[in-house]
1. Give me the distance in nm between label points sitting 7 Å out from Cα along the Cα-to-Cβ direction at residue 57 and residue 12, one decimal.
2. What FRET efficiency do you get for residue 154 and residue 49 if R0 is 30 Å and r is their Cβ-Cβ distance, rounded to the nearest 0.05?
3. For the stretch 94-148, what does the relative contact order come out to in percent, with C-alpha contacts under 8 Å and a separation of six or more?
4. What does the convex hull of the Cα atoms come to per residue for the stretch 2-193, in Å³?
C-alpha cells in the first residue's frame with residue numbers, strides 16, 4: 001500500500017514538472033485524464049497479473065470511455081510517466097514503457113501484425129514521444145530519445161537520438177543538447193526538432209541557384225564570342241546571330 005501511494009504521489013509530481021498549466025493538486029486529481037488513466041491502468045494490470053483477464057479488460061475499456069486513452073491491461077508502465085491531454089493514446093498489450101516518459105495526444109505504441117508473443121515496442125527512460133507519433137512493432141527505443149510529431153517509427157532507435165519523419169529517421173545522435181540531458185531532467189522541447197523535409201528543399205533550392213548561375217555564365221561566354229575547341233581539334237568562334 002505504501003508503494004502504491006508513493007507512485008500516486010509521483011504521478012502528481014510529474015504533472016507539475018512538465019505542465020505549466022497545472023495549478024493545484026486538487027486540479028490534477030480531478031481534471032487530468034492522463035493521471036486518471038494511469039491509476040485505472042494499475043488496477044487493471046493488477047487484475048490481469050492475477051488471471052482476472054475479463055475484469056482487467058472491462059476496467060481498461062472503462063478507462064478508455066472515461067479518458068479517451070486506451071491502455072491494454074497487459075502493458076507494463078514505469079514510474080514518472082506523463083500523458084499530456086492523452087486523447088487517442090493507444091498502448092498495446094506487450095508494450096513496455098520505462099521511467100520519466102512523456103506521451104502526447106494521439107501517440108500509438110502498437111503492433112504490426114497478428115503475430116503472437118512480444119509484438120509491441122519497448123520504450124526506454126526519459127523518452128518524449130510527440131503528438132500523433134506511431135511506434136510500431138517489437139522494437140526498442142533507447143533512453144533519452146525524442147520522437148517528433150507525426151513520425152512513424154518502425155526500427156530500433158539507439159539512446160540519445162532524435163527521430164522525425166515517415167518512416168522515422170535518426171536526425172540527431174549524441175548531440176550536445178541531448179548529451180547535456182544525462183541528468184534526470186526530461187527534455188520537452190520537441191518544437192525544436194529539425195525538419196528534414198525543409199532541409200531537403202533548401203538543398204534543392206541551392207542546387208537550382210547554382211545551375212542558374214552556371215547557365216548565365218555560359219550565356220555570357222556565348223555573347224562574348226568565346227573560342228570553342230571542336231572535337232577535331234580545330235578552333236572556331238561563336239558569333240551572335
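Where a number appears in this text, it was derived from the coordinates with a stated rule and is not lab data. Owing to the predicted nature of the structure, the values given are computational and were not obtained by experimental measurement. Heads up, the Cβs are rebuilt from the backbone with ideal geometry, glycines too, and the neighbour counts pull from every protein chain shown.
1. Each label point is offset 7 Å from its Cα along the Cβ direction, giving 3.5 nm.
2. Efficiency at R0 = 30 Å is approximately 0.50.
3. Values: 139 pairs, mean separation 21.5, N = 55.
Rounded, it is 39 percent for the stretch 94-148.
4. On the way: hull volume 21.5 nm³, N = 192.
Dividing the Cα hull volume of the stretch 2-193 by its residue count gives 112 Å³.
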